[in-house]
Amino acid sequence: MMSGIDKVLGDFIVESQENLERLDHEFVALEHDPQNSELLASIFRTIHTIKGSAGFLSLTNLEQISHYAEDVLAKLRDHSLTLNTDMITTLLHAIDSIKTILVNLEKTSEEGELDVLDIVMELRKVAESAQKPSTITTPQELNEYALEKLPEHDNSSIAKELKLSETLEASNVAIEDTRIHVDVHLLDQLMNMTGELVLSRNQIVQFANTIEQRNFRMIVQRMNVVVSELQELVMKTRMQPVKKVLGIFPRLVRDMSKLQGKDVMLVMEGQNTELDRTLIESIKDPLTHLVRNALDHGIEPPEVRAQLGKPATAVITVKAYHEGGQVVIEITDDGAGISLEKVKAKALRERLLTPQQAEEMSERDLINLIFRPGFSTAEIVTSISGRGVGMDVVKKNLDKIGGVIDIQTKKDQGTTIKIRIPITLAIIPVLIIKSGNHPFAIPQVNLEELLMIQTDNPDEKGIELVHGAEVYRLRGELLPLLRLNTILRLPSVKQETSENIHIVVLSSGDIRYGLIIDEVGDTEEIVVKPLSKHIKQLQCYDGATIMGDGKVALILNISGLLKITQLTMETLKKIQQTVGEEEKTRQVITSKAQQQTIVLFKIGQHEYYGVPLAFVVRLEKFSSAQIELSGGREVMQYRQTILPLLRLEDYLNIPRAPDTGMLSLIVFAIEKQIGLVVSEILDTVEISTHIDTETFQQKGILGSAIVQGHSVLILDVHGLIEMAYPTWYKKFFTSQLTEQERENTRILLVEDSSFFLNIEKSYLEAAGYQVFTAQNGKEALEKLEQTPIDVVVTDLDMPVCNGYDFTRAIRAREQWKAMPVMALTALSGEKDREKGMEAGIDEYQIKLNRNEVLRALELLILRKRG
């Protein structure tokens, strides 16, 4: 049993470690802002607490260091010392020594054999260089001065000190302590038991579907809700902010930049983004290596930055945020970027590529070479990085936790490394599928869409052979196909004459392919169980789970499936080249109408609607019993959050469909998620973007089209949300312009597609701007002659006078030369961007990204006004 003193020591270690994690950050901040008295007071309080507790516990070395560090801080507070870089360095060395002692205490309950004499002498030297203290004038200063002069090892003095500290704390309205320390092993046990409860819940829910007793089913439904809430709460207890990892970077950047003679500023955003604690430790080493790489390889020496016309102070930005059920961490530097020529030269020297392959490789493929074991372009081995190892280990560590890494770089402009990782590995949402009568689980983070091909119509089958590999022509692109039965050597249970072929479209990083399966099941939340050491060696599995019927389902590893097939990366490249050649041919055929994919669905029995697929993140089926009321509005619990619900019947004068028990849900991501309740989801189909906008002119409707023999109304998602939630967008977008300023701003919107024209016009007018429209560059030039315009927003690909030629014509006229021009495109493309910038386009945004378009538009308007 733990003794009283052991418990006190344990509490002291935990509290001190938490405080010290904050100190590194505070010292670096203090170095940049030496006059910040609040920051200095916070640091002083932390060291003072450690010193008092160390004396009480008779931790001599720890008390010595903290006492003399406190002495320095006290003299900084009374201005008898002036803060400088050397002083900060000495204090940081003292913090490092305290951390070392705490590690020893945690492991052995002893301070260890660390020689503290050097650091104590350094601190004394700094303290003794102080000027004569200023006159003490207040009781508080008298208390502080008396505390500093207490004898070092007088137990009665220490007791007085502790008593005084307690009195001071008590004098500050007594606040109830709402936090407790819980052993992480206990949390792990709690999570495991919750996982077992979730498995049992799944089994009971499945069993309840076979029973007709209404009361029993209601009880099961209530239990389902309670278990889901419990699961959410338990998972929250395991969540920790990523600042636990990011907190080490200010000190790292400060020390390494001074070591290299570089001036570097670190910017950190989203430090409170939460992640499962088991993943926090897994990402610590990869992120640290990436920041070190940015410092060593990315940031140039000051003299080089001066030659390039860059600011002397370089910037490294670390940004964390949630996106699509994952945590995204971006590390950006404004340094030299990755030299693709050096990468290519090194690959040729190492004989990883032939000269022909090197010439044919895309930029992305060249960048991915840095993930090969031992590959490095570093010319000099340094103590920071460039040892020929690292990026391969970074990728390997991220692969273990289902993470994905992506690199964007530009010569002399910098590099952005984006990492995507799951929020938790314990309980995850999946799609259950079957192949060869065996159930498998596919993580929903890897799932893009589901396809069903009817085999009775050869023209619609769409499966072809390209370079010996099966591909499916999906919306003009060639999608490589894999057959799960073939990969896993399972007998197919489907007959040759079976009506449909099921394809699951999957993605993992840059990899995208279709998986042919036998049967599509439901989406579920599953508990991940580890694999045995024998099965763990197989690349195609990530874990296992127990289904509601008691069967075991293996969780598929999307990247691993591709690795064990005959579909090599070389074949994928050839397929991509084929797509590129087809794309060139397609661009020559200018008469072909633009296409846009919509989700086709029904309301009731006879009303058909469509919504642009670009807005849709999930398609679900759910029980109407899951709908709740909150503030008079319909909501439901969905993926650990509250999902607001919409029904078209409430806003478009449609009769409400009878409740059938099961409903379909289309989930949109418009800043945050919102769900549209519909009767039945039918299909995803392509339609022309030149839709009828005259027949149905109503807010919330873009227009109409004939689809599969039905008259279909195409929804304006932005307009619909504004009807339902008038303040929805105001929560996520704060305008820098006044309402009057926006009303006085005239925008010329140039767009040949009525589909996109209505979407863009809708959100621009909703933001308060005056909007004039034109369908091509020629018509737009005529409008400019007739109407005073402040900003032009234009499409690029138009059949008559495209966006590039239109912009060149604007820049050629003196009166329009300074007019801001923003280009909107359906997809981002670096070559289009470069071509647009050459033509004189100021800004480049994606059409359907409403808030980014509005933000960029405001910046253009503000820049024009100077």
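When segment 690-706 is limited to residues that are buried (at least 19 other Cβ atoms within 10 Å of the Cβ) and touching a helix residue (DSSP H, G or I) at 6+ places or on another chain (Cβ under 7 Å), the one that is farthest from Arg633 (Cα to Cα) turns out to be Ile691.
Being out of contact with any strand residue (DSSP E or B) (no Cβ under 8 Å at 6 or more places or on another chain), of a type in the set (Gly, Ala, Ser) and either under 13 Å from Leu748 (Cα atoms) or surrounded by fewer than 21 Cβ atoms within 10 Å (Cβ to Cβ) (or both) narrows it down to one residue among Ala823, Ala780, Ala766, Ala774; which is it? After applying the criteria, what remains is Ala766.
Filter segment 313-325 down to the residues that are modelled with pLDDT under 90 and surrounded by fewer than 17 Cβ atoms within 10 Å (Cβ to Cβ) and list them by number. Once the filter is applied, which keeps residues that are modelled with pLDDT under 90 and surrounded by fewer than 17 Cβ atoms within 10 Å (Cβ to Cβ), segment 313-325 yields Tyr321, His322, Glu323, Gly324. The residues on offer are Asp549, Asp542, and the sole one that is in a strand (DSSP E or B) and either at pLDDT below 75 or over 16 Å from Val471 (Cα atoms) (or both) is Asp542. In the list Gly709, Gly675, which residue meets the criterion of being of a type in the set (Gly, Ala, Ser) and surrounded by fewer than 19 Cβ atoms within 10 Å (Cβ to Cβ)? Just a single option satisfies the conditions, and that option is Gly709. Residue by residue through segment 747-775, note down the ones that are outside any helix (DSSP H, G or I) and closer than 14 Å to Met822 by Cβ. Of everything in segment 747-775, those that are outside any helix (DSSP H, G or I) and closer than 14 Å to Met822 by Cβ turn out to be Ile747, Leu748, Leu749, Val750, Glu751, Ala767, Tyr769, Val771. Of the residues making up segment 644-682, those that are modelled with pLDDT of 85 or more and charged (D, E, K, R) are Arg647, Glu649, Asp650, Glu680.
Each residue in segment 47-95 was checked for being surrounded by fewer than 19 Cβ atoms within 10 Å (Cβ to Cβ) and of a type in the set (Gly, Ala, Ser), and 2 of them qualify. Against the condition more than 24 Å from Arg254 (Cα to Cα), of a type outside the set (A, V, I, L, M, F, W, C), out of contact with any Lys or Arg (no Cβ under 8 Å at 6 or more places or on another chain) and not in a helix (DSSP H, G or I), how does Glu110 come out, does it pass? Taking the combined requirement at face value, the residue satisfies it. Those helices (runs of 4 or more DSSP H) of segment 208-299 in which 3 or more residues are more than 19 Å from the chain's Cα centre (by Cα) and among the charged types (D, E, K, R) occupy 214-237, 249-260.
Would you check if there is a residue in segment 338-353 being crowded, with 19+ Cβ neighbours inside 10 Å, under 29 Å from Arg618 (Cβ atoms) and in contact with a strand residue (DSSP E or B) (Cβ under 7 Å, 6 or more places away or on another chain)? There is no residue in segment 338-353 that is crowded, with 19+ Cβ neighbours inside 10 Å, under 29 Å from Arg618 (Cβ atoms) and in contact with a strand residue (DSSP E or B) (Cβ under 7 Å, 6 or more places away or on another chain).
Of all residues assigned to segment 26-49, none qualifies as being over 25 Å from Lys258 (Cβ atoms), part of a helix (DSSP H, G or I), modelled with pLDDT under 80 and of a type outside the set (A, V, I, L, M). Taking segment 617-657 on its own, how many of its residues are in a loop (DSSP other than H, G, I, E, B), more than 16 Å from Val227 (Cα to Cα) and within 31 Å of the chain's Cα centre (by Cα)? Residues flagged as in a loop (DSSP other than H, G, I, E, B), more than 16 Å from Val227 (Cα to Cα) and within 31 Å of the chain's Cα centre (by Cα) within segment 617-657 amount to 3. Does at least one position in segment 660-673 carry a residue that is in contact with a Pro (Cβ under 9 Å, 6 or more places away or on another chain) and basic (Lys, Arg)? Yes, segment 660-673 contains a residue that is in contact with a Pro (Cβ under 9 Å, 6 or more places away or on another chain) and basic (Lys, Arg).
In segment 682-696, how many are touching a strand residue (DSSP E or B) at 6+ places or on another chain (Cβ under 6 Å) and closer than 19 Å to Asp752 by Cα?
7
Checking Met235, Met265, Met239 one by one, the residue that is modelled with pLDDT of 85 or more, over 14 Å from Thr288 (Cβ atoms) and touching a strand residue (DSSP E or B) at 6+ places or on another chain (Cβ under 8 Å) is Met265 and no other.
Leu600 fulfils the conditions (1) of a type outside the set (D, E, K, R); (2) under 32 Å from the mean Cα position of the chain (by Cα); (3) surrounded by fewer than 17 Cβ atoms within 10 Å (Cβ to Cβ) except for a single criterion, (3).
The values are calculated or read from the model by the stated rules, or taken from the named source; none is laboratory data. Treat the numbers as computed from the prediction; the structure is a model and nothing was measured. Because the Cβ atoms are built from the backbone with ideal geometry, glycine has one as well, and the counts that use them run over all protein chains shown.
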